[in-house]
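Report on the structure given below.
The values are calculated or read from the model by the stated rules, or taken from the named source; none is laboratory data. Everything numeric in this text was worked out from a predicted model, so none of it was measured. Here the Cβ positions follow ideal geometry from the backbone for every residue, glycine too, while neighbour counts run over all protein chains shown.
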Amino acid sequence: MSEKITYLANSVVKSKKDDQSKMVYYQNSVLDIKGFSVFYTPYFSHPDPSVERKNGFLMPTVGTNTSLGAFVGIPYYYGRTPSEELLIKPFFMTKKHTPLVALQFGKQFQDAKFDISTSLIHTDNISGTGRSQRRNKKKNTWSYI
């Protein structure tokens, strides 16, 4: 008889499923991978599995880079209609001291899908020779990337 090995586990002190809002809430959640605790959060929530999609914040992106310093991106998902969605993701950086906003829009048609992505940044504090920076010589302006 083979032994069942658990690779991923979530231990929770308290959980609650709200049928009216179709959300599941957790308190003091610990994520274990192969028996090692790798992530703790005092509060965590997600939509009920019966929900196809829900507007709200997604998992943040955190990292470091030599030119940007430490950065964090906090994405927000907005499903405008069943066939349209928008992802707004502002990035905050320690070395540039100016936010970057990334946008993604998608629309599903009957036989095709349309996706577009762009980014906006305030160019007052940016150095470099990017295409949009060469065309835009003014200070204190916004550029797309």
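All but one of (1) exposed (fewer than 10 other Cβ atoms within 10 Å of the Cβ); (2) in contact with a strand residue (DSSP E or B) (Cβ under 9 Å, 6 or more places away or on another chain); (3) not aromatic (Phe, Trp, Tyr) hold for Ser50; which doesn't? Exception for Ser50: condition (2). In the stretch 51-67 there is at least one residue matching the filter, namely being among the hydroxyl-bearing types (Ser, Thr, Tyr), free of Cβ contacts under 8 Å to residues at least 12 places away in the same chain, in the same structural domain as Asp115 (by TED's automatic domain parsing) and not in a strand (DSSP E or B).
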